[in-house]
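> Pasting in a structure now, in structure tokens, and then I'll have a few things to ask.
The values are calculated or read from the model by the stated rules, or taken from the named source; none is laboratory data. Computed from a predicted structure; not experimentally measured. In this analysis, Cβ positions are derived from the backbone assuming ideal geometry, glycine residues included, and neighbour counts consider all displayed protein chains. Heavy atoms of the whole protein, side chains included, go into the accessibility calculation; ligands, DNA and RNA do not. Shrake-Rupley method; radii C 1.70, N 1.55, O 1.52, S 1.80 Å.
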Amino acid sequence: MTFDVVGTLIDFESGILRCVREFSAVPDDGSVLAAFGAAEAVQQRSTPEMPFPAMLDPISARLAVDLGIPELAEVPSPLRRSIGSWPAFPDAAEVLARWRDRFVLIALTNADRAAVEAWGPALGHPFHDTVTVDEVGVNKPDPRMFEAALAKLAAVGIHRDEVLHVAQSQYHDIGAAHALGLRTCWVERRHGQAGTGATPTTAAITRPDLHVHSLAELESADVLHDRRAAG
């Protein structure tokens, strides 16, 4: 199983809002998150090789203007400084701990290795391996990120048709993974909420193989009962 981390396992929207609230109580949550998603989309087009934590500085500078919060323009930005304290979703560590004994788990993230290590305690250090932007040199949805993960899985005897990619982002993950022929699970963490929050919008929604609202729901799905265990 390959996993998006930010937004799927780490509750980045709560982390963003908590950081912004340290400086202002004016913008509503939806406006803050939408402004972040728009700024990230611009930044990804401008610097597709830059890891997500580094992107937080220019993203934060845009938010300083868009939201009228000049303190966000500091360098390094408050958002970048706060990234290690962003919380895990409540179901993440417990479910991943059980899956670690059953499956090979690969973190496939636009973050860098330092950020993945910072989130390790909150997630319970579940991954057998990681694929990060500082390793590959591009961001998802670039297919080279997914191919790097598939190469690591192939090295331990796991073939493409045995892989399930688990992610919340249609923009970064589901469409790109589907285009490569991977099985996908869309963890729609924002189920029941309007918009895409802090995730950039996408022109079309890709239909995944599985559609759940949490890892706990995915754990109970019959499709996982006979998947190949790690080792």
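> Give, in nm to one decimal, the length gained when the segment between residue 161 and residue 46 is fully stretched (0.36 nm per residue of separation minus the Cα-Cα distance).
Residue separation times 0.36 nm, minus the Cα-Cα distance, leaves 38.1 nm.
> What FRET efficiency do you get for residue 221 and residue 102 if R0 is 22 Å and r is their Cβ-Cβ distance, rounded to the nearest 0.05?
0.95
> What FRET efficiency comes out for residue 194 versus residue 138 if R0 is 30 angstrom and r is the Cβ-Cβ distance? Round to the nearest 0.05.
0.45
> Right, next: Using the Cα centre of region 127-231 as the reference point, and only Cβ charges (+1 on K/R, -1 on D/E), how large is the resulting charge dipole? Debye, rounded to the nearest 20.
180 debye
> Going by accessible area, probe 1.4 Å, with all protein chains left in place, what is the ranking of 13, 147, largest first?
From most accessible down to least: 147, 13.
> Right, something else. Among 24, 127, 198, whose Cα projects farthest towards the positive end of the dipole of the chain, with charges put on the beta-carbon of Lys, Arg (+1) and Asp, Glu (-1)?
Value computed over the given set: 127.
> Using Cα-Cα distances under 8 Å and only pairs 6 or more residues apart, what relative contact order does the chain have, in percent?
26 percent
> Separate question: Once the principal axes of the Cα atoms of the chain are found, what is the range along each, listed largest first in whole angstroms?
52, 35, 34
> Now a separate question. Can you pull the one-decimal nm distance between simple spin-label points at residue 22 and residue 82, each 7 Å off the Cα toward Cβ?
Rounded to a tenth, the inter-label distance reads 0.7 nm.
> Calculate, in nm to one decimal, what residue 179 and residue 210 gain on full extension: separation in residues at 0.36 nm each, minus their alpha carbon distance.
Fully extending the segment from residue 179 to residue 210 adds 9.6 nm.
> Where Rh is the Kirkwood radius over the Cα pairs of region 147-208, the temperature 20 °C and the viscosity 1.002 mPa s, what D in µm²/s does Stokes-Einstein return?
170 µm²/s
> Further question on the same structure: Compute the length gained on full extension between residue 91 and residue 74: take 0.36 nm times their separation in residues and subtract their Cα-Cα distance, giving the result in nm to one decimal.
That works out to 2.8 nm of additional length.
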